[in-house]
Amino acid sequence: MSALPQLIPLLPFDGEIVRGLNSWLGTWPRFDRSLHLLNGSPLMKGIPFITVLWWLGSREHPESGRATGFLLRSIAGLLCALLIARILQNHGPVHIRPVSDPALGLLPFTD
């Protein structure tokens, strides 16, 4: 029989930050639609990171002409970070997501 995970509550200053950001919801409908586009599109989330990674990997290296192996090292580092993050999520303490905390009384983010 497995033990129930320990639930860690939201820190007070985190709640204030989330409430402050949530108070702007609905103020600028065009901005809200842009956030929906970014939130729902994996392509839009990944483009800035891949662009910077590609730019860094294709720069001229001052000593050897090209930065050899940079992209492979970067991808290997990203995969290691992903693995560590997944292990911490699966085996670490459970945190309440601010959106799921009814005590904050947040407005829903809908179209």
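Residue count for the stretch 84-99 under the criterion of being surrounded by fewer than 10 Cβ atoms within 10 Å (Cβ to Cβ) and either closer than 25 Å to F31 by Cα or of a type in the set (G, A, S) (or both): the result is 1. For the stretch 7-45, the set of residues classified as in contact with a Pro (Cβ under 8 Å, 6 or more places away or on another chain), modelled with pLDDT of 80 or more and either on the phi > 0 side of the Ramachandran plot or open to solvent by 100 Å² or more (accessible area, probe 1.4 Å) (or both) is empty.
Please work out if A81 is open to solvent by less than 100 Å² (accessible area, probe 1.4 Å) and modelled with pLDDT of 75 or more.
Here the answer is yes, as A81 does meet what is asked.
How about the stretch 72-107: which of its residues are touching a helix residue (DSSP H, G or I) at 6+ places or on another chain (Cβ under 7 Å) and in a loop (DSSP other than H, G, I, E, B)?
Across the stretch 72-107, the qualifying residues are L106, L107.
The values are calculated or read from the model by the stated rules, or taken from the named source; none is laboratory data. Please read all numbers here as calculations on a predicted model, not as lab measurements. Don't worry about glycine lacking a Cβ; one is built from the backbone with ideal geometry, like all the others, and counts go over all protein chains shown. Heads up: the accessible areas ignore ligands, DNA and RNA and are worked out on the full protein's heavy atoms, side chains in. Shrake-Rupley method; radii C 1.70, N 1.55, O 1.52, S 1.80 Å.
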